[in-house]
Amino acid sequence: MIEDYPRTVIEMEKRFATEEACRAYVLALRWPDGFVCPRCGSRRAWSMSRGRILCRGCRRQVSATAGTIFQDSHLPLRTWFRAMWHVTSQKNGVSALGLQGVLGLGSYRTAWAMLHKLRRAMVRPGRDRLSGVVEVDETYWGSEEEGVIGRLTEDKALVIVAAQADGERIGRIRMNRIPDLTKASLHGFIAQSVQPGSTVTTDGLNAYLGLEGYIHDRQVQRAQAAGEHLLPRVHRVVSLLKRWLMGTHQGAIGQDHLDDYLNEFTFRFNRRTSRSRGKLFYRLAQQAVQVPPAPYDSLVKPPPIGGG
Ligand SMILES: [Zn+2]
């Protein structure tokens, strides 16, 4: 399938005016080279009504949305498509309240769940790792408990960020919540996010020592001019992340849901130079049919960190 997406909101409204049109798009994204039965692998099938497909190999009925982020939703695909357009066409994204208003949804909960499902789709399955020169650093996110020195970190989430260098500028990024600052957590994130053989630049934290498979550029804190950072790119990313969390979402993000917001920030950041908003819509739609469904319970109570 060549990259085929609407360029403007008018094109989007026109093209995805019916459920049939939305389903046809979902089918084309899922099976760009033609239908393949998920159960028996047969390529022979009959099209049925309501976008269902009957496999001629095993006689199983397959729906356009089964096994995608849209599975089991009571909302029309048209609403989902509008939500995807809205989320990707706004530079900083939207809050659940904003989405509820613009789509005219009956409940905040519905808008909230939609947004979180879409955020799950913002991580591309099997995405490639960063490479070249990559800065890695950690930061905290959460409420300040002023005056309770020594317990400051208890209400805070630890977030680790990797930023690839692109000359003086920032290339792609990756970020994750981590449970602690142990060697296992730090090295685990690097292994998952950075291609072996790359140069990894970190601060002098001891837990980064013994990094195997990488060139480790350890920047030990020395006297430096005010405002000068040893890891300028990753610090820039962290400050943009915090500004976004505070701005678009008023900082009202529980630690349990932070992962989903990190996904969204990363998705946006890595595509910030994309000239076409329609292309972001296309990427999101493409990924929405590739990631497994996220039932409501898994959105409300996400698995503990480190569990994947
Ligand atoms: Zn089959």
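The values are calculated or read from the model by the stated rules, or taken from the named source; none is laboratory data. For clarity, every value in this text was computed on a predicted model and none was experimentally measured. A quick note on method: Cβ atoms are made from the backbone with ideal geometry, for glycine too, and the neighbour counts reach across all protein chains shown. Accessible surface areas use protein heavy atoms only, side chains included; no ligands, DNA or RNA. Shrake-Rupley method; radii C 1.70, N 1.55, O 1.52, S 1.80 Å.
Using 0.36 nm per residue, how much length does the chain from residue 78 to residue 156 gain when fully extended, once their Cα-Cα distance is taken away?
Taking residue 78 through residue 156 to full extension adds about 24.2 nm, to one decimal.
Take the alpha carbon atoms of segment 165-194, find their center, do the same for segment 235-291, and report the distance between the two centers in whole angstrom.
17
Could you check which residue among 219, 100, 71 shows the biggest mean-square fluctuation in a GNM of the chain with a 10 Å Cα cutoff?
Maximum fluctuation in the GNM of the chain, among the listed residues, is at 219.
If packing is taken as the average number of other Cβ atoms within 10 Å across a peptide's residues, how do 267-275, 159-167 rank, most packed first?
159-167, 267-275
How big is the accessible area of residue 31 in square angstrom, nearest 10, if you roll a 1.4 angstrom probe over the protein chains?
Here the residue's solvent-accessible area equals roughly 40 Å².
Mind grabbing the accessible area of residue 25 for me, 1.4 Å probe, Å², rounded to tens?
Number for this one is 10 Å².
For a 24 Å ceiling on Cα separation, which of these pairs sit above it: 117/301; 91/156; 156/183; 117/183; 242/279; 183/301?
Check vs 24 Å cut-off fails for 91/156; 117/183; 242/279; 183/301.
Looking at the square roots a ≥ b ≥ c of the eigenvalues of the Cα gyration tensor of the chain, which shape do they give, rounded for a/c under 1.5, prolate if a/b is larger than b/c, or oblate?
Prolate, because a/c is 1.5 or more and a/b exceeds b/c.
Ignoring everything but the protein chains, give the 1.4 Å probe accessible area of residue 79 in square angstrom, nearest 10.
Here the residue's solvent-accessible area equals roughly 30 Å².
Mind checking the angle between helix 108-120 and the chain's longest principal axis? C-alpha axes, 0 to 90 degrees, to the nearest 10.
Rounded to the nearest ten degrees, it is 70.
Run the quick spin-label model on residue 91 and residue 46: label points 7 Å from Cα toward the beta carbon, then report their separation in nm to one decimal.
5.4
Please label the shape of segment 1-58 as rounded, prolate or oblate, based on the square roots a ≥ b ≥ c of the eigenvalues of the alpha-carbon gyration tensor (a/c under 1.5 means rounded; beyond that, a/b larger than b/c means prolate, else oblate).
Note, shape of segment 1-58 comes out oblate.
Could you point to the residue in 121, 238, 188 farthest towards the positive end of the chain's charge dipole, with +1 and -1 charges on the Cβ of Lys/Arg and Asp/Glu respectively?
With unit charges placed on the Cβ atoms, the residue in question is 121.
How far is helix 258-270 tilted, in degrees, relative to the longest principal axis of the Cα atoms in the chain, given as a value from 0 to 90 rounded to the nearest 10?
90
Could you sort 20, 11 by accessible area so the largest value comes first, with the probe set to 1.4 Å?
Heavy-atom accessible area, descending, gives 20, 11.
Which of rounded, prolate or oblate describes segment 16-170 when judged by the alpha-carbon gyration tensor and an a/c cut-off of 1.5?
Prolate, because a/c is 1.5 or more and a/b exceeds b/c.
Divide by every residue of the chain the summed helix terms, -39500 (n - 2.57) for each DSSP H run of at least 4, and state the resulting mean residue ellipticity at 222 nm, rounded to the nearest 500 deg cm²/dmol.
-11000 deg cm²/dmol
Before anything else, pin down the relative contact order of the chain: Cα pairs under 8 Å, at least 6 apart, normalised by residue count, whole percent.
RCO, the chain: 23 percent.
With no other cysteine's Cβ closer than 4.7 Å, which Cys residues of the chain count as lacking a disulfide-compatible partner?
Taking the Cβ cut-off of 4.7 Å, the unpaired cysteines of the chain are 22.
What part of the accessible area of segment 88-133, given as a whole %, is carbon or sulfur when the probe is 1.4 angstrom?
Exposed carbon and sulfur together represent 48 percent of the surface.
Taking only protein heavy atoms and a 1.4 Å probe, what accessible area per residue, in Å², does the chain have with all protein chains in place?
About 51 Å² of surface per residue is accessible.
Would you mind pulling out the separation of the Cα centroids of segment 79-95 and segment 1-74, in Å?
21
Can you give me the distance in nm between label points at residue 220 and residue 239, each placed 7 Å from the Cα along the Cα-to-Cβ direction?
Between residue 220 and residue 239, the label points sit 2.7 nm apart.
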